[in-house]
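Colleague: This is the structure, below, for whatever I ask next.
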Amino acid sequence: MTSLGSNDALPGDAASDPRTTELARRLEVVRTRISAATAAAGREDPPGLIVVTKFHPAADVRRLAGLGVRDVGENRDQEAAAKSAELADLDVRWHFIGQLQSKKAKSVAKYAYSVQSVDRPQVIDALEKAISREKDATGRDDLECYVQVSLDEDAGAHRGGAHPLEVESLAEKIASAPGLRLAGLMAVAPLGADPEAAFERLAVISAALRANYPDASGISAGMSQDLEAAIKFGATHLRIGSDILGSRPAVG
Ligand SMILES: *Cc1c(COP(=O)(O)O)cnc(C)c1O
């Protein structure tokens, strides 16, 4: 984690910074894939792009912001809290996409625009309390919440998220919590399975949710490996990490 320290500030001349050049090139490749997949799916508008910056230094987030990125995703509170504090001057929105422990809600409420990994009632209670406190202190906006739904048919291969049958009750709990806004669903395609089949199931679950909550139309799906499949099945947000930032530095 030493690379997350604040002494890795962006070099003054971004145009000649090799890392900025690399990020710009990778971002362009991903944006081209997104455009192609959007056209192939017969969709008019491309989904929103959340660049997942976990394990990469704050300086990379600053470079990305300079390249026009407005949404970034992080999966660990400690790392996200440090980066968002260091980069408070940037006009970016922080999306929390990792397993959230209730005791971290207070910290997440300070910087998160959305929490995409809501998968149990205790987390909703904790977020409601934390957001209410934060609103009193800073007047922040409502927190967008996504129910993370598990698309694993084999419970043993679980990659996080609530069972599809739990979505309705979690959605109801979020929708009735002051300060929280039910934005939709988030999911990760199961390992080793066809992402198209998984994202098709997600689209069906989303349609059922929207029947009761028309505003909960968000579908956050699609990562580096499967963004085309996600776009085909209606993703409104993509969460792309390694294809833009490169492989993640190993952590101990
Ligand atoms: C890391 C992560 C991503 C990004 O995955 P890549 O394969 O690096 O694009 C997306 N969503 C979640 C929940 C993640 O943890």
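The values are calculated or read from the model by the stated rules, or taken from the named source; none is laboratory data. It should be emphasised that the depicted structure is a prediction, and the values quoted were computed from it without experimental measurement. When we count neighbours, we look across all protein chains shown, and the Cβ atoms used for this are built from the backbone with ideal geometry, even at glycine. When the accessible area is computed, the model is the full protein with side chains, heavy atoms only, and any ligands, DNA or RNA have been set aside. Shrake-Rupley method; radii C 1.70, N 1.55, O 1.52, S 1.80 Å.
Colleague: Restricting attention to region 203-243, report how many residues are touching a helix residue (DSSP H, G or I) at 6+ places or on another chain (Cβ under 7 Å), more than 21 Å from residue 45 (Cα to Cα) and in a helix (DSSP H, G or I).
Modeller: Looking only at that region, the number is 3.
Colleague: Right, something else. Is there a residue being assigned to a strand (DSSP E or B) and either over 27 Å from residue 67 (Cα atoms) or within 13 Å of the ligand (Cβ to nearest atom) (or both) anywhere in region 190-202?
Modeller: No, region 190-202 contains no residue that is assigned to a strand (DSSP E or B) and either over 27 Å from residue 67 (Cα atoms) or within 13 Å of the ligand (Cβ to nearest atom) (or both).
Colleague: Just one of the numbered conditions (1) within 16 Å of the ligand (Cβ to nearest atom); (2) at pLDDT below 95 is not true of residue 187; which one?
Modeller: (2)
Colleague: With respect to residue 100, determine if the residue is touching a helix residue (DSSP H, G or I) at 6+ places or on another chain (Cβ under 6 Å), open to solvent by less than 30 Å² (accessible area, probe 1.4 Å) and either without any contact (Cβ under 8 Å) to a residue 40 or more places away in the chain or in a helix (DSSP H, G or I) (or both). Quick ask: steps written out before the conclusion?
Modeller: Working: touching a helix residue (DSSP H, G or I) at 6+ places or on another chain (Cβ under 6 Å): yes; open to solvent by less than 30 Å² (accessible area, probe 1.4 Å): yes; either without any contact (Cβ under 8 Å) to a residue 40 or more places away in the chain or in a helix (DSSP H, G or I) (or both): yes.
Yes, satisfied.
Colleague: What are the residues in region 209-218 that are open to solvent by 10 Å² or more (accessible area, probe 1.4 Å) and either near the ligand (Cβ under 9 Å from one of its atoms) or in contact (Cβ under 8 Å) with a residue 40 or more places away in the chain (or both), if any?
Modeller: Result: 212, 213.
Colleague: Of all residues in region 190-207 being in contact with an Asp or Glu (Cβ under 8 Å, 6 or more places away or on another chain) and at pLDDT 95 or above, which is nearest to residue 109 (Cα to Cα)?
Modeller: 199
Colleague: Let me ask another. Quick test for you: out of 9, 24, pick the one residue that is at pLDDT below 95 and either out of contact with any helix residue (DSSP H, G or I) (no Cβ under 6 Å at 6 or more places or on another chain) or open to solvent by less than 40 Å² (accessible area, probe 1.4 Å) (or both).
Modeller: 9
Colleague: Return the residue satisfying two criteria in turn: it lies in region 192-206 and is small (Gly, Ala, Ser) and in contact with a strand residue (DSSP E or B) (Cβ under 9 Å, 6 or more places away or on another chain), and of such residues it is surrounded by the fewest Cβ atoms within 10 Å (Cβ to Cβ).
Modeller: Initial filter on region 192-206 (small (Gly, Ala, Ser)): 192-193, 197-198, 203, 206.
With in contact with a strand residue (DSSP E or B) (Cβ under 9 Å, 6 or more places away or on another chain) added as a condition, the list becomes 203, 206.
Details: 203: 16, 206: 25.
Here the answer is 203.
Colleague: In this structure, is residue 245 away from the ligand (no atom under 13 Å from the Cβ) and either surrounded by fewer than 21 Cβ atoms within 10 Å (Cβ to Cβ) or of a type in the set (A, V, I, L, M, F, W, C) (or both)?
Modeller: Spelling it out, it is not the case that residue 245 is away from the ligand (no atom under 13 Å from the Cβ) and either surrounded by fewer than 21 Cβ atoms within 10 Å (Cβ to Cβ) or of a type in the set (A, V, I, L, M, F, W, C) (or both).
Colleague: Considering only region 64-80, how many residues are in a helix (DSSP H, G or I) and open to solvent by less than 30 Å² (accessible area, probe 1.4 Å)?
Modeller: Looking only at that region, the number is 5.
Colleague: What is the one condition in (1) under 22 Å from residue 242 (Cα atoms); (2) polar (S, T, N, Q); (3) more than 15 Å from the ligand (Cβ to nearest atom) that residue 117 does not satisfy?
Modeller: With (1) under 22 Å from residue 242 (Cα atoms); (2) polar (S, T, N, Q); (3) more than 15 Å from the ligand (Cβ to nearest atom) applied to residue 117, the lone miss is (3).
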